[in-house]
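Inspection log for the structure reproduced underneath, given as structure tokens.
All of the numbers you see were taken from the coordinates with simple rules; none came from a lab. As the structure is a computational prediction, the values presented were derived from the model and not from experiment. So basically every Cβ, Gly included, is an ideal-geometry build from the backbone, and we count neighbours across all protein chains shown.
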Ligand code: F6P
């Protein structure tokens, strides 16, 4: 078999390990792999390179993706869909493994529904793909954000300030939640619940009175005040570029005005997406890459490799994409247990 692989959407640690899983399993079973460059763009424009074992031997701990990525939506224009199908024919592909988040995987589903022999691998630092317990990239990104939060606490303590750390995550608060919990933030705001501004100000005042500083973690998708609006900027899948709204900076200004405490804000941005994957993400990526090839070999197209409890398995893409995985009430309850 000739199996194609692509990585699409926002990159995250663990992509290279997943590619390695695909190439090794395919090689072990006597099949060859070709990598498409820059996500669906590479399939649309027929930009590919063979992926031999030698090229993936040392990449398990690398950040980013050796294939490159993009947010290209091949289903935006009918002529692009035709190009994608022409590439599959001209490359004589037997199967395609699409590694990506909701957008990349929804393009995979659309292709499958047109008869394409496609399987998926979920990835995203946002941890918001349905159908799987965890996505790789999340543990690594949240670990970087946790480290940043702890560093910010040191300087907040020295200067008796309130510091707001804004993390990514789109409309899912997993990264903020994990960062706030793991770094012991004084307050953590996630998009899944409306925060109470009066309570937040009281919280900051109490933290300052007790310890002389406050650390607040906010997710980029949180609504801060009525005047916030949208940034207007969007990607090819129609998603607003949330970091342009600058919720961290806005929140810091409100905290300073509301409490009289000097405040600063930091937007950690793409720093969260770089660097080596954690142990957890490496193992998950390798397992899901291997599982994706097993799905192909079993002819289970239209499926995505997922983690359920301790096990990796395949579930229909349609099921996984039904709704994004948002922070649940039990996690919010855990978070609020630590409200002072
Ligand atoms: O989906 C991953 C993610 O990092 C989101 O958390 C964030 O909103 C978005 O990508 C940023 O996208 P870009 O890399 O295009 O700026």
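Per the Kirkwood formula applied to alpha carbons, region 141-273 shows a radius of gyration over Rh ratio, Rg over Rh, of 0.96.
Using just its DSSP H runs of length 4 or more, each adding -39500 (n - 2.57), the chain gives a mean residue ellipticity at 222 nm of -12500 deg cm²/dmol after division by all residues.
Each of 213, 195 has some number of other Cβ atoms within 10 Å of its Cβ, and from fewest to most they run 195, 213. The ranking of 279, 307 from fewest to most other beta carbons within 10 Å of each one's beta carbon is 279, 307.
Given a Förster radius of 45 Å and the C-beta distance between residue 211 and residue 300 as r, what FRET efficiency does 1/(1 + (r/R0)^6) yield to the nearest 0.05? Spell out each step's value before the answer.
Values: r = 54 Å, r/R0 = 1.20.
Approximately 0.25, to the nearest 0.05.
For region 258-340, the fraction of C-alpha pairs more than 18 angstrom apart is 68%. Among DSSP beta bridges lying fully in the chain, give the percent that are antiparallel, nearest 5. Of those bridges, close to 25 percent are antiparallel. Against the chain, whose longest principal axis is taken from its Cα atoms, helix 279-297 shows a tilt of about 30°. For helix 15-28, report the angle its Cα long axis makes with the longest principal axis of the Cα atoms of the chain; keep it between 0 and 90° and round to the nearest 10°. The helix 15-28 is inclined about 30 degrees to the chain.
When only alpha carbons of region 81-142 are considered, Rg and Dmax amount to 13.4, 41 Å. By how many degrees, 0 to 90 and rounded to 10, does the Cα axis of helix 174-183 deviate from the longest principal axis of the chain? On a 0 to 90 degree scale, this one is about 50. Relative contact order of region 264-340, taken over Cα pairs closer than 8 Å and 6 or more residues apart, is 18 percent.
If the chain linking residue 53 and residue 326 were pulled fully straight, counting 0.36 nm for each residue of separation and taking away their Cα-Cα distance, it would gain 94.6 nm.
Legend: calculated FRET efficiency, residue 240 to residue 90, from the Cβ-Cβ distance at R0 = 25 Å, rounded to 0.05, equals 0.10. Using all pairs of distinct alpha-carbon atoms, the Kirkwood hydrodynamic radius of region 80-183 works out to 16.2 angstrom.
Please report the relative contact order for region 66-149, taking Cα pairs under 8 Å with a sequence separation of at least 6, and give it as a percent rounded to a whole number. Result for region 66-149 is 20 percent. Neighbour counts of other Cβ atoms within 10 Å put 336, 160 in the fewest-to-most order 336, 160. Using a cutoff of 8 angstrom between alpha carbon atoms and counting only pairs six or more residues apart, the relative contact order for the chain works out to 23 percent. Subtracting the Cα-Cα distance of residue 338 and residue 113 from 0.36 nm times their residue separation leaves 76.4 nm of extension gain.
Note on the chain: along the principal axes its Cα atoms extend 67, 38, 31 Å, ordered by decreasing extent.
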